[in-house]
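Visitor: Starting off with a structure, shown below.
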Amino acid sequence: MIPASLRALLDATDGQRRVDWAGREVWLAREPWGELAVSLQGAQVLHYLPAPEAAPAEGSLPFAGAPDGPEDARAEGSLPAPAVGATQSPEGLVPGGWLWVTPTPQALPGAIRGGIPLCWPWFADERTADESPDRSGPMHGPARKADWRLEAVDEHEEGLELHLSPVERLHSQLVPRAVIQANAQRLHVELITEHVGETPVKITGALHSYLAVAEAHACRVEGLAGARYLDKLADFAEREQQGELGVRGGLDRIYHSNAELVLDDGRRRLRVARQGSDSAVVWHPGDALPDDTAAAAGRHFLCIESANTRLDPVWLVPGAQHLLGTTLSLASDA
Ligand SMILES: O=P(O)(O)OC[C@H]1O[C@H](O)[C@H](O)[C@@H](O)[C@@H]1O
């Protein structure tokens with residue numbers, strides 16, 4: 001689910017090319033295996049559409065109304081789906097693809113909300129998680145706003161593999177790089193951190209995936225039953241997930257889990273696998289949408305993040321590496 005302006009650029013693409021979108025340089029691929037769009041600001045995947053889904057996806061996902069989706073008797077809470085954007089025009093956002101991007105992104109140097117932002121080398125900020133080392137850094141770290149360079153595009157399993165590095169040094173001792181693999185079956189993103197300095201460093205971070213859904217507050221996330229979590233909306237109170245998670249309103253939770261998850265929005269069952277991550281962040285702001293997201297658009301995403309947080313920070317010693325990854329594919333029982 002991407003902005004119509006980005007869709008138009010993809011439609012006019014045959015093969016691979018670089019375009020300007022929303023003031024950012026964006027790399028596009030439209031190939032037999034599917035489509036991929038990556039912003040060089042933040043090395044951020046904005047769009048992925050595997051070819052097998054392309055044909056039925058064309059114009060088939062309605063914008064309004066909840067799906068005949070999973071009614072989850074065990075789901076905690078039973079907030080009714082709010083009428084987010086019910087009367088507003090969805091203009092600007094078109095269906096298709098597994099990721100969501102706001103049609104009204106912040107101007108530079110702001111980050112684009114949507115796709116898979118890279119939060120590095122810390123998750124959140126001093127107000128919300130105390131992760132910024134001197135408690136003064138920007139929310140989710142500098143990587144998502146930085147310029148990245150596309151170092152290589154390789155063939156990979158009948159798809160593509162992209163390698164990206166930041167243009168400027170982002171940390172005195174740490175060097176990140178991103179690897180993005182896409183083919184007709186899956187999208188895989190890795191954020192690799194290499195310690196090139198002298199003293200141990202603690203990092204957190206996230207692959208902050210905005211997954212496209214029919215209706216945010218009518219989704220089910222499977223795989224977290226029984227997991228402990230920190231509820232950021234309740235001052236980090238620790239709780240236990242009762243049954244599978246049914247999303248029925250705004251939520252902001254850090255689950256202490258490395259389990260593979262399945263996001264079911266009633267139309268698609270998307271498998272979310274994570275590597276090097278013992279924190280799964282599930283976030284939707286409910287009615288309190290950020291300024292860069294209109295209500296009509298904001299009802300169509302749910303964030304499931306592959307993260308390292310205060311629950312599982314990573315201590316890197318000189319010479320060591322850490323890989324934080326996520327893999328999106330269709331659940332085989334779909
Ligand atoms: O608005 P952003 O800076 O992109 O952050 C968006 C959200 O990211 C994470 O999911 C955090 O858990 C939330 O607390 C935060 O609001």
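Visitor: Looking only at the range 155-208, which residues are modelled with pLDDT of 95 or more, β-branched (Val, Ile, Thr) and under 29 Å from TRP283 (Cα atoms)?
Guide: Selection gives VAL175, VAL179, ILE180, VAL189, ILE192, THR193.
Visitor: Quick test for you: out of SER306, SER277, pick the one residue that is part of a loop (DSSP other than H, G, I, E, B), under 16 Å from the mean Cα position of the chain (by Cα), crowded, with 18+ Cβ neighbours inside 10 Å and within 16 Å of the ligand (Cβ to nearest atom).
Guide: On the way: SER306 fails: part of a loop (DSSP other than H, G, I, E, B).
Residue meeting the stated conditions: SER277.
Visitor: Return the residues of the range 182-210 that are over 18 Å from GLU31 (Cβ atoms), of a type outside the set (Val, Ile, Thr) and surrounded by 24 or more Cβ atoms within 10 Å (Cβ to Cβ); say none if nothing qualifies.
Guide: Passing the criteria: LEU191, GLY205, ALA206, LEU207, HIS208, SER209, TYR210.
Visitor: Given the options VAL153, VAL179, VAL167, name the one that is surrounded by fewer than 18 Cβ atoms within 10 Å (Cβ to Cβ), without any contact (Cβ under 8 Å) to a residue 24 or more places away in the chain, more than 16 Å from the ligand (Cβ to nearest atom) and β-branched (Val, Ile, Thr).
Guide: The conditions single out VAL167.
Visitor: Name, by its number, the condition in (1) more than 16 Å from the chain's Cα centre (by Cα); (2) surrounded by fewer than 19 Cβ atoms within 10 Å (Cβ to Cβ); (3) not hydrophobic (A, V, I, L, M, F, W, C) that does not hold for SER257.
Guide: Of (1) more than 16 Å from the chain's Cα centre (by Cα); (2) surrounded by fewer than 19 Cβ atoms within 10 Å (Cβ to Cβ); (3) not hydrophobic (A, V, I, L, M, F, W, C), only one is false for SER257: (2).
Visitor: Filter the range 132-145 down to residues that are in a loop (DSSP other than H, G, I, E, B) and away from the ligand (no atom under 11 Å from the Cβ) and give me whichever is modelled with the lowest pLDDT. It would help to see each step written out before you state the result.
Guide: Within the range 132-145, the subset in a loop (DSSP other than H, G, I, E, B) is 132-142.
Now restrict to residues that are away from the ligand (no atom under 11 Å from the Cβ): 132-137, 142.
Values: SER132: 54, PRO133: 58, ASP134: 61, ARG135: 63, SER136: 66, GLY137: 75, PRO142: 94.
The extreme case among them is SER132.
Per-residue answers, yes or no, for (1) within 19 Å of PRO117 (Cα to Cα); (2) in a helix (DSSP H, G or I):
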residue: ARG177; (1), (2): yes, no
residue: LEU187; (1), (2): yes, no
residue: LYS202; (1), (2): no, no
residue: HIS217; (1), (2): no, yes
residue: LEU224; (1), (2): no, no
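Visitor: Please find, among GLU158, GLU240, the residue that is surrounded by fewer than 21 Cβ atoms within 10 Å (Cβ to Cβ) and at positive phi.
Guide: Among GLU158, GLU240, only GLU158 is surrounded by fewer than 21 Cβ atoms within 10 Å (Cβ to Cβ) and at positive phi.
The values are calculated or read from the model by the stated rules, or taken from the named source; none is laboratory data. Quantities reported herein were computed from a predicted structural model and do not represent experimental measurements. A quick note on method: Cβ atoms are made from the backbone with ideal geometry, for glycine too, and the neighbour counts reach across all protein chains shown.
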